[in-house]
Amino acid sequence: MLQSVMHILKQKNIVLASGSPRRKELIENIGLKVKLCPSLFEENLDPKSYNTFSEFVEETALQKVLEVDNRLRDAGENVDVVIGADTMVTLDGELFGKPTSEQEAFEMLSRLSGRSHTVYTGVVVKSYTNVVKFTESTNVVFGKMEEDQIRGYISTGEPMDKAGGYGIQGVGGTFVERVEGDYFTVVGLPLYRLCSVLYKMFKPEAEKAGDIIK
């Protein structure tokens, strides 16, 4: 999807406002170089202040992007694109973030066991002249899990830095019976929508350079 503008993108300083190696790997797998810069934004927004889960994750992603963008520019770094994302698991109208303890992870996973839940990933892409926000949602169905299976998974340590207490791309994927929607949304960065945004954002520059025939 990005091949006609890839030469433009490869000249850009692209920063991912995240410390997630998973998101970095996803972007690098499509041929882009990206710098990780974890945001210092304190994720303390109140979900109840937003009308939808989409608004909440998009605003969280936006604040991550703005913090990183301002900090790097204040330090004199030339930043062309900043990408930020926020992923939340939802069940029964409740948001599941990263568990703060093994007990909380156990409670989360126990509630997800044998049920379908929805994962929302909000993404913000900021260039010099434009800010684009979007959200993708995907339904994930867990198989039934026994208590010893949940505790064994928690003992791996994987759930503790994952929204909803599991990582679909790791051991947690063994609990997933099926995915209804974009798999990469669950990983934390919906690639199709991201690439669509980047293409539209940099197509005019490629056209101006005569690299794309209108």
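The values are calculated or read from the model by the stated rules, or taken from the named source; none is laboratory data. Only a predicted model underlies this, so the values are computations on that prediction, with no experimental measurement involved. As a convention, Cβ positions derive from the backbone with ideal geometry for all residues, glycine included, and neighbour counts pool all protein chains shown. Side chains are part of the model used for accessible areas, which takes the heavy atoms of the whole protein and leaves out ligands, DNA and RNA. Shrake-Rupley method; radii C 1.70, N 1.55, O 1.52, S 1.80 Å.
A few comments on the model shown:
- Debye-formula intensities of the stretch 71-139, expressed as log10 I(q)/I(0) at q = 0.14, 0.20, 0.25, 0.28 Å⁻¹, are -0.61, -0.85, -1.08, -1.23 (one equal scatterer per alpha-carbon, no solvent).
- Lys, Arg +1 and Asp, Glu -1 on Cβ, resulting dipole of the chain about Cα centre, debye, nearest 20: 920
- Overall form of the stretch 16-141 per C-alpha gyration tensor (a/c, 1.5; a/b vs b/c): prolate
- Sum of side-chain charges, GLY165 neighbourhood, beta-carbon under 15 Å (Lys, Arg +1; Asp, Glu -1): -2
- By the rule of a C-alpha distance below 20 Å, with chain neighbours fewer than 8 residues away ignored, the aspartates and glutamates paired with LYS200 are GLU28, GLU58, ASP80, GLU136, ASP211.
- Rg and Dmax, both from the Cα atoms of the stretch 1-77 and both in Å, are 14.7, 43.
- By accessible area with a 1.4 Å probe, ligands and nucleic acids excluded, highest first: order of ARG193, ARG23, ARG178: ARG178, ARG193, ARG23
- Extents of the stretch 150-214, largest first, come to 58, 22, 14 Å (Cα atoms, principal axes, whole angstrom).
- The residue list LEU191, GLY143, MET160 was ranked by how far each Cα lies along the charge dipole of the stretch 122-205 toward its positive end, using unit charges on Cβ atoms, and LEU191 comes out on top.
- Using heavy atoms of the protein chains and a probe of 1.4 Å, the accessible area assigned to THR156 is about 80 Å².
- Per residue, the convex hull around the alpha carbon atoms of the stretch 83-214 comes to 124 Å³.
- Taking the centroid of alpha carbons for each part, the stretch 142-195 and the stretch 65-108 are 17 Å apart.
- Using the 1.4 Å probe convention, the accessible area of the chain works out to 49 Å² per residue with neighbouring protein chains retained.
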